[in-house]
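Report on one structure; see the data block that follows.
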Amino acid sequence: MHFFISVLLIFLQSSDSRAGEIIGGREAKPHSRPYMAYLTYFDKNGKNMRCGGFLVEKKFLLTAAHCWGSSMNIILGAHNIKKPEKTQQRIPVLRTIPHKEYNKKTFNNDIMLLQLKKMARLNHAVGLLALPQKAVKVKPRTRCIVAGWGKTLKTQASDTLQEVELKVRSEYECMEKYPQHYNHSTQMCVGDPNVQKASFQGDSGGPLVCDGVAQGIVSYGFKNGSSPRVFTRISSFLPWIKQTMKTLEDKR
Ligand SMILES: *[C@@H]1O[C@H](CO)[C@@H](O)[C@H](O)[C@H]1NC(C)=O
Ligand SMILES: *[C@@H]1O[C@H](CO)[C@@H](O)[C@H](O)[C@H]1NC(C)=O
């Protein structure tokens with residue numbers, strides 16, 4: 001049964017060979033989401049993959065743990081990832097820190113910090129996204145925005161950043177839809193099943209922004225792209241994020 005469910009679910013990173021966008025979204029105004037990072041890496045089969053991420057400190061990005069791979073590459077300040085835009089900053093990754101309790105089978109604790117080799121230069125195209133102040137759960141029906149360079153169901157090519165508005169759903173909906181995987185203490189349930197809007201393949205690791213604050217990280221969902229989908233709940237990981245950044249900064 002567990003295997004059966006797993007083949008229906010997918011993580012939302014994607015192979016770099018196919019460009020695309022979010023489902024039912026629109027192109028973002030260039031550089032209106034300056035915290036967005038475009039990530040590429042090689043998975044264990046040597047395939048070139050893409051994910052999203054977001055800048056939370058000048059030297060730190062957050063993304064999903066399942067976006068971990070070799071030769072991690074970061075572009076900040078991008079709008080069209082296939083163009084050599086002047087705003088783009090490519091900074092090498094110094095350390096990758098996937099959550100120690102990240103579980104590949106249950107998808108629990110799907111969060112990773114990336115430490116950059118040098119500080120990002122903050123300007124109109126590159127900026128920080130605020131983390132939640134406290135461990136408070138976002139209420140159902142809250143409107144949030146997710147952005148990414150992932151693909152659509154139709155795989156229409158788009159190399160520009162796309163965004164879509166999604167509503168937070170009740171915990172019960174995801175408990176029912178993803179009974180083997182959904183963990184309400186570490187995950188959020190997002191997206192109206194009756195609306196053709198969603199994050200999809202290639203959007204993994206991108207932030208769910210509610211009221212200007214990063215509340216979720218794109219994690220997993222059904223292969224057919226249907227909503228609701230599951231996001232990592234950032235407010236559950238605030239002590240981990242702060243402690244890990246502090247430890248790494250002290251290490252230099
Ligand atoms: C939910 O996640 C927490 C934190 O990792 C873990 O302690 C707990 O056992 C998980 N619950 C279930 C039902 O897996
Ligand atoms: C998508 O797949 C899931 C799991 O198989 C199923 O429950 C759901 O009804 C499907 N949705 C659509 C719109 O096909």
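The values are calculated or read from the model by the stated rules, or taken from the named source; none is laboratory data. Since the structure is predicted, the reported quantities are computational estimates derived from the model, not experimental observations. Because the Cβ atoms are built from the backbone with ideal geometry, glycine has one as well, and the counts that use them run over all protein chains shown. The accessibility values were calculated without ligands, DNA or RNA, using every heavy atom of the protein model including side chains. Shrake-Rupley method; radii C 1.70, N 1.55, O 1.52, S 1.80 Å.
Which loop-located trypsin sites (Lys or Arg not before Pro) does the range 163-240 contain, where loop means any DSSP state but H, G, I, E or B and the Cβ has at most 13 other Cβ atoms within 10 Å? Show your work: numbers first, answer last.
Numbers: sites: Lys167, Arg169, Lys177, Lys197, Lys223, Arg229, Arg233; in loops: Arg169, Lys197, Lys223.
Counting only loop positions with at most 13 other Cβ atoms within 10 Å, the trypsin sites (Lys or Arg not before Pro) in the range 163-240 are Lys223.
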Average accessible surface area per residue within the range 10-250, 1.4 Å rolling probe, Å² = 45
Taking the simple approach of a point 7 Å from Cα along Cα-to-Cβ for both Lys105 and Ala135, what is their distance in nm?
-> 2.6
Surrounding net charge for Ser235, when Lys and Arg each add one and Asp and Glu each subtract one, Cβ distance under 11 Å = +3
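Restricting to Cα pairs below 8 Å that are 6+ residues apart, what does the relative contact order work out to for the range 184-252? Please round to a whole percent.
On the way: 95 pairs, mean separation 24.1, N = 69.
RCO, the range 184-252: 35 percent.
Let me have the relative contact order for the chain, percent, based on Cα pairs under 8 Å that are six or more residues apart. Display every interim value, and only then the final one.
Values: 675 pairs, mean separation 66.4, N = 252.
Value for the chain: 26 percent.
Longer than 19 Å from Cα to Cα, which of Lys47/Lys86; Lys139/Lys167; Lys58/Lys118; Lys137/Lys197; Lys104/Lys167 are they? Say none if no pair is.
Working: Lys47/Lys86 28 Å; Lys139/Lys167 10 Å; Lys58/Lys118 8 Å; Lys137/Lys197 22 Å; Lys104/Lys167 27 Å.
Lys47/Lys86; Lys137/Lys197; Lys104/Lys167, as the Cα separations exceed 19 Å there.
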For the range 133-140, Karplus-derived ³J(HN,Hα) couplings (6.51, -1.76, 1.60; θ = phi - 60°; whole Hz; x for glycine and proline) come out as 6, 9, 7, 10, 6, 6, 6, x
Under 18 Å from the 7 Å Cα→Cβ point of Thr247, by amide nitrogen: which residues of the range 93-108?
-> 94-103
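Only helical DSSP H runs with n ≥ 4 go in: add -39500 (n - 2.57) per run for the chain, normalise by residue count and round the 222 nm mean residue ellipticity to 500 deg cm²/dmol.
Values: 3 runs with 28 residues, N = 252.
So the helix-based figure for the chain works out to -3000 deg cm²/dmol.
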SASA check, Ser71, accessible area w/ 1.4 Å probe, all protein chains in place, rounded to nearest 10 Å², comes out at 70
Using a Förster distance of 35 Å, the FRET efficiency for Ser185-Lys86 (Cβ separation, nearest 0.05) = 0.20
Given the options Trp149, Trp240, Trp68, which has the most mean-square fluctuation in a GNM of the chain, springs set between C-alpha atoms less than 10 angstrom apart?
-> Trp240
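In cubic angstrom, how much convex hull volume per residue do the alpha carbon atoms of the range 10-250 span? Write down the numbers at each step before the final one.
Working: hull volume 27.3 nm³, N = 241.
Per-residue hull volume (Cα only) is 113 Å³.
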Distance from the range 38-81 to the range 207-233 (C-alpha centre basis), Å = 17
Could you look at the range 27-110 and say what percent of its accessible area is carbon and sulfur, using a 1.4 Å probe and all protein chains?
-> 50
For Trp240 paired with Val195, estimate the spin-label separation in nm (one decimal), with each label point 7 Å from Cα along the Cα-to-Cβ line.
-> 2.9
Candidate residues Tyr182, Tyr172: accessible-area rank, largest first, probe 1.4 Å = Tyr172, Tyr182
